[in-house]
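The values are calculated or read from the model by the stated rules, or taken from the named source; none is laboratory data. Bear in mind that the values here come from a model prediction, so they are computed numbers and not experimental data. Here Cβ is always computed from backbone atoms with ideal geometry, including for glycine, and neighbour counts include all displayed protein chains. Ligands, DNA and RNA are stripped out before the accessible areas are found, and what is left, the full protein with its side chains, is counted by its heavy atoms. Shrake-Rupley method; radii C 1.70, N 1.55, O 1.52, S 1.80 Å.
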Amino acid sequence: QVQLVEAGGGLVQPGGSLRLSCAASGMIFRIYVMGWYRQAPGKQRELVAHITGGATTNYADSVKGRFTISRDNAKNTTYLQMNSLKPEDTAVYSCNAVAKSRINDYRKTYWGQGTQVTVSS
């Protein structure tokens, strides 16, 4: 099994920045995709950004130009640098990974516990 642990959430003023991290641990053969999702109160969970093992990235239109996802494959860790934060970015941010624990396993999707990001003055 793979465990994901996020860190870096908190309270920030509009226009500020935060950096989230998500470290994967446990039995890991390969991590294919790592990503960040968010869910605001009363709204559905949405994809924020994801990154493949080859560093191909994809972003939600609402965060393009403001957020940057990166990945350290040696550390099985992904980062989300969030700049120019807006109140509408307030949500619980959850890390996601598609991975295999063993070479013959099927790919599985794993989730972290989530970290709160609040953008408010």
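Structure data summary
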item	result
Exclusive hit being of a type in the set (Ser, Thr, Tyr) and modelled with pLDDT under 95, set Ser94, Ser101, Ser70, Ser62	Ser101
Residue match in the stretch 67-85 (condition: farther than 15 Å from Tyr110 by Cα, open to solvent by 70 Å² or more (accessible area, probe 1.4 Å) and touching a residue at least 24 places away in the same chain (Cβ under 8 Å))	yes
Test: residue in the stretch 33-41 that is modelled with pLDDT of 95 or more, farther than 21 Å from Ser121 by Cβ, among the hydrophobic types (A, V, I, L, M, F, W, C) and not in a strand (DSSP E or B)	no
Unique residue being over 30 Å from Ser121 (Cβ atoms) and among the aliphatic types (A, V, I, L, M) when the list is Ile28, Ile69	Ile28
Residue that is exposed (fewer than 14 other Cβ atoms within 10 Å of the Cβ) and either free of Cβ contacts under 8 Å to residues at least 24 places away in the same chain or closer than 22 Å to Ser70 by Cβ (or both), where the choices are Gly9, Gly35, Gly42	Gly42
Number of the exception - Arg102 against (1) over 12 Å from Tyr32 (Cα atoms); (2) in a strand (DSSP E or B)	(2)
Residue ID - surrounded by the fewest Cβ atoms within 10 Å (Cβ to Cβ), chosen from residues in the stretch 92-121 that are within 24 Å of Thr56 (Cβ to Cβ) and of a type in the set (A, V, I, L, M, F, W, C)	Ile103
